[in-house]
Amino acid sequence: MKNLSRTNIIVLLLLVFCVVFLVSQNAGGPRGESLQYSQFEQRVRDKRIGKVVVQGQQIRGEYTDEKPFYSTGPDDQAAIAKVLQEHEIAYEF
């Protein structure tokens, strides 16, 4: 009887560990709407983008209504900065 309950406890702990691991893996993923880079540029031109953070090719930010979005841009961060500056969008690298 002791072996059966010990086995049940071990199985239960393994299941809990698996659930916690899977949830933590998904929690760090991108948030918000996924945009093609051309869609991102159009929203910049439309003044719908509020602020932007660029890390390499990854672009994250918020619309003017504070809803999040993310995109992947070109390797040339200067090109991204130029588009954002032309339209007076707050950004950081």
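Rule-based calculations on the coordinates, nothing more; no lab input. All values derive from a computational prediction rather than experimental measurement.
Structural remarks
- Amide H contacts of Tyr63: Gly50, Phe69, each under 5 Å away and 5 or more positions distant or on a separate chain (H built 1.01 Å from N in the peptide plane; Pro and chain starts excluded).
- Our analysis of the range 32-90 gives Rg over Rh at 0.90, with the two radii drawn from alpha carbon positions and Rh computed by the Kirkwood formula.
- Multiplying the residue separation of Phe93 and Arg48 by 0.36 nm and subtracting their alpha-carbon distance yields 14.2 nm.
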